[in-house]
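Notes to accompany the following structure.
The values are calculated or read from the model by the stated rules, or taken from the named source; none is laboratory data. Since the model is a prediction, treat every value here as computed from it, not as a measurement. Quick reminder, even Gly has a Cβ in these numbers, built from the backbone with ideal geometry, and neighbours come from all protein chains shown. Just so you know, the surface numbers come from the protein's heavy atoms only, side chains and all, with ligands and any DNA or RNA stripped out. Shrake-Rupley method; radii C 1.70, N 1.55, O 1.52, S 1.80 Å.
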Amino acid sequence: MKNCLLFMILFLNACQYNSSELSDLIVVNLRDGYVDSEINISKEISKIEYVPLELTDDNESMIASILDCCVTNEYVFIVSSKQGGVFQFNRQGRFVRKFAKTGNGPGETQQILSVSADENKSLLYVSELFSTSVYRFDGSFVKKVVSSRGFSYQYLIKDDLMAEIGAEYVPINVPGMFGMGVFSLNGDTIEIKNDFIDSTLTPVEETGLKNVYGIYSKDGLLCSVESNDTIFFLSSSGIKPMYFLKMDNSKESKSNSLSINNQELLPNSFSIFDYFETHQSFYVRAFFNNKMYLFQYDKSTKKTSREISETDPNELVTYNRTMAGIGLRNVIDNGLPIWARKSYPAQNIIVQYYTAPEILYLKANKTVVKELPSVCKDMNENSNPLVVIYHLK
């Protein structure tokens, strides 16, 4: 009886999947069925690598905050939220070069949205709204591929195969609009998914994607949009549902999440902020009643734990839009809270990045951070961000 009820819930709330997809779907209940407990992620981490990004004397490497980041075995590539181009640092944080600078000429860019790398070919893929520029790791320009699709995020899966999430805040009825897709760089379509938005809740001209998110998982990308309770897995095989986040939000709240003109989060409604996977667990951060809730789903026990952050997200977001400082307790060195903004399963690492003002804010809050890493000793509010790489066991 319970299994029948669960399948009915998934059918009504997630999407219409076939039976094999439903049987593989992992349900994470955010309303009940969890245990309130301090979550210990430290047992999954073997070491922490701190990468303070160098600020050169000529300020060429100055970064206000990080819009996107790509970590390879040798380099850290940064896209700033305010400065154009790609900043390249080595894994020790020394500035190497800046390329893909702003302009209209060959090898130049306008508004970079995301970056991803092919480690085997030493190629970096720099994505804009309707194009992808390819560069070698030495900064030299290879080619630019223009697309008829507008996307918010585009990440390499393998061999010029891209996982994409459609353009945010664009009405779903605009010609060429899509939700999620897997495409070859030359434009061939592996699979597109558009059927996860219930446009009967909101006028179609006001319905679209918003607050989209994606992060690497094994052999592919986990992707979601605010209008749906399901996290999908995009890979070379296509698109399949992976996690169902059972939020039980009201119909009014679901209508709000569909409307590109409405940014209000209603009381008693969950809004997923981000998530990531490790070998052992699946982690979620979600807004609920002006607080950030952190969940861990243990893959082996199939049990969910929850804790509520003591840090005010409405205050922290002024220092860093990704709110890196809201994370899990760090019992390894009693330092910065642990959370992941990027994931690289092939390298067995997860990555986070903190702004200098955010670190100084956390330093003043001794209940969150007892001891800052030594690389932060001389940090001031004008320092470059800090990239933290967590090596998984």
Förster-model FRET efficiency, 30 Å R0, ARG97 and VAL375, C-beta, rounded to 0.05: 0.85
Per-residue SASA entry for SER281, accessible area with 1.4 Å probe, Å² rounded to 10: 0 Å²
GNM flexibility winner over the chain from GLY166, GLY176, GLY139 (Cα, springs under 10 Å): GLY176
For the chain, average projected area of the Cα convex hull in nm²: 18.9 nm²
Residues of type lysines that LYS251 reaches as a straight line, Cα spacing below 30 Å, ignoring anything fewer than 8 places off in the same chain: LYS2, LYS193, LYS210, LYS240, LYS291, LYS302, LYS303
Residue (of PRO357, PRO337, TYR243) at the positive-pole extreme of the stretch 235-393, dipole from beta-carbon charges: TYR243
More than 17 angstrom apart: percent of Cα pairs within the stretch 74-135: 35 percent
Residues LYS302 and GLU108, FRET efficiency given R0 of 56 Å [Cβ-Cβ distance, rounded to 0.05]: 0.65
CD proxy at 222 nm, helix term only [per DSSP H run n ≥ 4: -39500 (n - 2.57); per residue of the chain; nearest 500]: -2500 deg cm²/dmol
Most fluctuating residue given options PRO337, PRO267, PRO345, as computed from a GNM of the chain linking Cα atoms under 10 Å: PRO267
Cα-centred dipole magnitude for the chain, charges only on beta-carbon of K, R (+1) and D, E (-1), debye, nearest 20: 600 debye
Filtered GluC sites (Glu not before Pro), the stretch 247-306: DSSP coil and at most 15 other beta carbons within 10 Å: GLU264
Most fluctuating residue given options ILE165, ILE45, ILE349, as computed from a GNM of the chain linking Cα atoms under 10 Å: ILE45
Residue (of VAL368, PHE183, PHE89) at the positive-pole extreme of the chain, dipole from beta-carbon charges: VAL368
Debye intensity ratio I(q)/I(0), log10, the stretch 154-283, q values 0.11 Å⁻¹ (C-alpha model): -0.39
At R0 = 35 Å, FRET efficiency that the Cβ-Cβ distance of LYS218 and GLU38 yields, to 0.05: 0.80
Cα-based Rg / Dmax (Å) for the stretch 80-228: 16.2, 52
Partner aspartates and glutamates for LYS144 [C-alpha distance under 18 Å; skip if fewer than 8 residues away on the same chain]: GLU108, ASP118, GLU128, ASP159, ASP160, GLU164, ASP188
Alpha-carbon centroid distance for the pair the stretch 94-122 / the stretch 352-393, whole angstrom: 26 Å
Nearest-10 value in Å² for the accessible area of ASP198, using the 1.4 Å probe: 80 Å²
Check: the stretch 170-292 dipole with +1 on Lys, Arg Cβ and -1 on Asp, Glu Cβ, in debye: 300 debye
Cα-centred dipole magnitude for the stretch 315-393, charges only on beta-carbon of K, R (+1) and D, E (-1), debye, nearest 20: 240 debye
Estimated distance in nm for a label pair at SER122 and THR72, the labels positioned 7 Å out from Cα along Cα-to-Cβ: 0.8 nm
Label-point separation, ASN173 to ASP248 (7 Å along Cα→Cβ), nm: 3.5 nm
Entries in LYS43/LYS254; LYS158/LYS299; LYS101/LYS366 that, when Cα-Cα distance is taken, lie over 29 Å: LYS43/LYS254; LYS101/LYS366
Alpha-carbon gyration tensor eigenvalues x 5, square-rooted, for the stretch 271-393, Å: 23, 18, 13
